[in-house]
1. Taking K and R as +1 and D and E as -1, what net charge do the other residues with C-beta under 14 Å from the C-beta of Phe96 add up to?
2. Determine the sum of side-chain charges near Val260: Lys and Arg each +1, Asp and Glu each -1, restricted to other residues whose C-beta is under 12 angstrom from that of Val260.
3. Of Lys207/Lys265; Lys194/Lys265; Lys128/Lys273, which pairs sit farther than 21 Å apart, going by alpha carbon to alpha carbon?
4. Can you give the net charge of the other residues whose Cβ lies under 15 Å from the Cβ of His187, counting K and R as +1 and D and E as -1?
5. Where only protein heavy atoms count, and the probe is 1.4 Å, what is the accessible area per residue for the stretch 238-291 in Å²?
6. Can you work out the accessible area per residue across the stretch 26-108, with the rest of the protein chains kept in place, probe 1.4 Å, in square angstrom?
7. Return the aspartates and glutamates within reach of Lys280: Cα separation strictly under 12 angstrom, same-chain partners fewer than 8 residues apart disregarded; answer none if there are no such residues.
8. Highest mean first, how do 260-273, 69-82 rank when packing is the count of other Cβ atoms within 10 Å averaged over residues?
Amino acid sequence: TSPPRPPPQSSTQLSPTSTILPPLPPLPTSSEVHLSSQKLLRVQGEVDELRRLVQKEQILLEQEQLLVLEETTRLKAIMSQVEQLHGEIEEINRAFGIERVHIFRSNFRLEAHRISLLQQLQFVFPIKLIPIDIPQNISSFASSANVSTTNRTVPQYTIAGVPLPNDVHSPSVADDQVSSALGFTCHMVALTSKYLGISMRYPIVCKFSRSAILDNEQRRIISGNGNGHKTTYAVYPLFRERVVEREQLDRGCELLNRNVECLLKMRNVEFRKDWNVLAKIDCLMIQLVEGEDIAFAASR
């Protein structure tokens, strides 16, 4: 008899070389599914919020870009205006320089004309310091008929050859000489003030040997008869006579001296208060006409 055959193998039996698959994970429970859906919804909400913020930022960025563009356009317009202003300023500076040169030349010609006028004034009213013989009594006890005199030489300022002593009441100079010298001085001061374009504080009435000066500080208002008010000023004589009071003449000379000092100060000319009024005028003339520094001021 033949040996028995082995039983046939099943087709579902795995071969020893086949791979065994891992077991499948367990299915999530309903609670886990609910939690996952909530997380998903939360993440989706965050994504939507981020998208909304991005859109908002994009809108703001576009607005800022528009503002930047407008500011850039405005700055360009301002820069254009600034360049235009720079050009106008340069043109104005050039015109100013030209006008400045014209003014300088005009002032130079004006000063030259003033110097010419002052030179003519010096020629008409020359001021000199010359020695003058003053009679002096030797014996004061002698009779008037037999008084012996001697001459004392004193340096004294003269204008147009007429002496003007420091003391206008000095008996060494006659009344008519003092009056004439004061009249010449008034005329010279008035013309100098006019040539230099400097207003005098105290107006001068030039009438040669009968000149006078007005005091603006002493004035009064007189009511007229239906014609409004009239202002009058104190008038002080600048001449010497018997009818002229000593105090009035001194006040007039003081005001005249102030006018001369005003001219000196306006032209920056140094002087001393105790100088003779003619010395001050001479100092002013030398400074203006000759342009010299008065180094001999101390000797006057």
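1. Numbers: positive: Arg94, Arg100; negative: Glu88, Glu90, Glu91, Glu99.
Around Phe96, the surrounding residues sum to -2.
2. That sum, taken over residues with Cβ under 12 Å, equals +3.
3. The pairs that break the limit, which is 21 Å between Cα atoms, are Lys207/Lys265.
4. Working: positive: Lys194, Lys207, Arg210; negative: none.
Residues close to His187 contribute a combined charge of +3.
5. 51
6. On the way: 7930 Å² over 83 residues.
Normalised by residue count, the accessible surface of the stretch 26-108 is 96 Å².
7. Glu261, Glu270
8. 260-273, 69-82
The values are calculated or read from the model by the stated rules, or taken from the named source; none is laboratory data. Bear in mind that the values here come from a model prediction, so they are computed numbers and not experimental data. Neighbour counts are summed over all protein chains in view; Cβ atoms, including those assigned to glycine, are modelled from backbone coordinates with ideal geometry. Areas reflect the complete protein model, heavy atoms only, side chains present, ligands, DNA and RNA absent. Shrake-Rupley method; radii C 1.70, N 1.55, O 1.52, S 1.80 Å.
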